[in-house]
Amino acid sequence: MKIEMNIEPAKAVKVIHQAFKRYETDPQPSSALNETEESIFAELKQGTEMFGVYDNDELIALVKCVLNDEFMYFSRLSVLPTQQGKGVATNLVKYLERYAMQNNIFVSICKVRKNEKNNIALYSKMGYKIVKEEIIINKNGDEIPTVTMQKNLQIHNIM
């Protein structure tokens with residue numbers, strides 16, 4: 001498996017939609033299901049970066065991130081359902097953390113739906129702590145109870 005930066009938006013949309021498909025029937029569907037090639041292309045033009053995991057040239061996972069002066073924010077961590085539970089997400093987040101530190105950023109932040117106990121457990125296991133609880137309005141206009149998770153990055157923690 002290898003991680004690359006230049007992901008075709010069309011391939012990214014397919015992975016995101018498959019990874020978030022379980023939200024289709026949710027009373028508050030994820031706005032990830034509304035992603036399009038155009039919306040991803042627009043985000044990339046505005047400075048969002050996207051990293052993908054490839055297995056035999058097939059895109060199996062991706063994540064978006066934005067670096068600013070104080071922290072890295074990552075979102076839309078998407079792993080194909082057939083690849084979940086194999087450590088792909090963990091490896092991708094660790095890669096992002098190294099990338100942030102290479103860019104002199106030592107704080108990593110993500111937001112998670114409060115009811116996503118498995119995702120919260122995954123990030124907690126990786127050293128993330130809940131630093132804020134809030135209700136956000138997603139791109140669909142739905143109110144979503146959310147937690148913000150944060151990790152202070154240190155070289156010895158992520159190697």
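I'm checking my understanding of the structure. Among residues of region 53-88 that are under 11 Å from the mean Cα position of the chain (by Cα), at pLDDT below 95 and among the small types (Gly, Ala, Ser), which one is surrounded by the fewest Cβ atoms within 10 Å (Cβ to Cβ)?
Among residues in region 53-88 that are under 11 Å from the mean Cα position of the chain (by Cα), at pLDDT below 95 and among the small types (Gly, Ala, Ser), the one surrounded by the fewest Cβ atoms within 10 Å (Cβ to Cβ) is Ser75.
Enumerate the strands (runs of 3 or more DSSP E) found wholly within region 1-109, keeping only those where 1 or more residues are among the polar types (S, T, N, Q) and within 26 Å of Lys151 (Cβ to Cβ). Quick ask: steps written out before the conclusion?
Values: elements: 2-4, 49-55, 58-67, 72-79.
So the answer is 72-79.
Return the pair list, or none, for Cβ contacts closer than 8 Å from residues in region 148-159 that are farther than 23 Å from Lys117 by Cβ to residues that are hydroxyl-bearing (Ser, Thr, Tyr) and at pLDDT 65 or above, at least 6 apart or on different chains.
Qualifying pairs under 8 Å: Leu153/Ser108.
Checking Lys129 against (1) under 13 Å from Gln150 (Cα atoms); (2) free of Cβ contacts under 8 Å to residues at least 12 places away in the same chain: exactly one of these is not met. Which one?
With respect to (1) under 13 Å from Gln150 (Cα atoms); (2) free of Cβ contacts under 8 Å to residues at least 12 places away in the same chain, Lys129 is out only on (2).
Name the residue, out of Ile137, Ile130, that is modelled with pLDDT under 95 and among the β-branched types (Val, Ile, Thr).
Numbers: Ile130 fails: modelled with pLDDT under 95.
Going through Ile137, Ile130 in turn, the sole match is Ile137.
The values are calculated or read from the model by the stated rules, or taken from the named source; none is laboratory data. Just so it is clear, the model here is predicted, and its values are computed rather than measured. Heads up, the Cβs are rebuilt from the backbone with ideal geometry, glycines too, and the neighbour counts pull from every protein chain shown.
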